[in-house]
Amino acid sequence: MNQLDKNKEDRVKLLGYLTPIITDYAENNRIEPDVCYEVCHELELVMIEKCKAKGMDVKKLKQAAEANFRASKESLKHR
């Protein structure tokens, strides 16, 4: 397995783990979607700082994440 496949697999695992936790917690505690968005955005900002500290190209990472999100959204439409 090459590094790209490993990264994709790790991404799917992490999203599969975090999304239900955040969604369930928000629904069970009647937290509005705008608050969830703010918290997720803060998490993104924390991760941006960590990636920058390791010398990673954050712009490239963000483009990849947006492309993955659009592709996932499209694949759900076709199901």
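Just so it is clear, none of the values below were taken in a lab; they were calculated from the coordinates. Small disclaimer: the values here were computed from a predicted structure and weren't measured. Methodologically, a virtual Cβ is constructed for each residue, glycine included, from the backbone with ideal geometry; neighbour enumeration extends over all protein chains shown.
Of all residues being in contact with a helix residue (DSSP H, G or I) (Cβ under 7 Å, 6 or more places away or on another chain) and of a type outside the set (D, E, K, R) in the stretch 41-67, which is farthest from Leu4 (Cα to Cα)? Just the residue, please. Applying the filter and picking the extreme gives Ile48.
If I go through the stretch 1-38 residue by residue, how many of them are polar (S, T, N, Q) and exposed (fewer than 10 other Cβ atoms within 10 Å of the Cβ)? The number of residues fulfilling the criteria is 4.
Contact annotation: no residue pair with Cβ atoms under 8 Å, 6 or more positions apart or on different chains, pairs a residue in the stretch 5-31 that is in contact (Cβ under 8 Å) with a residue 24 or more places away in the chain with a partner that is β-branched (Val, Ile, Thr).
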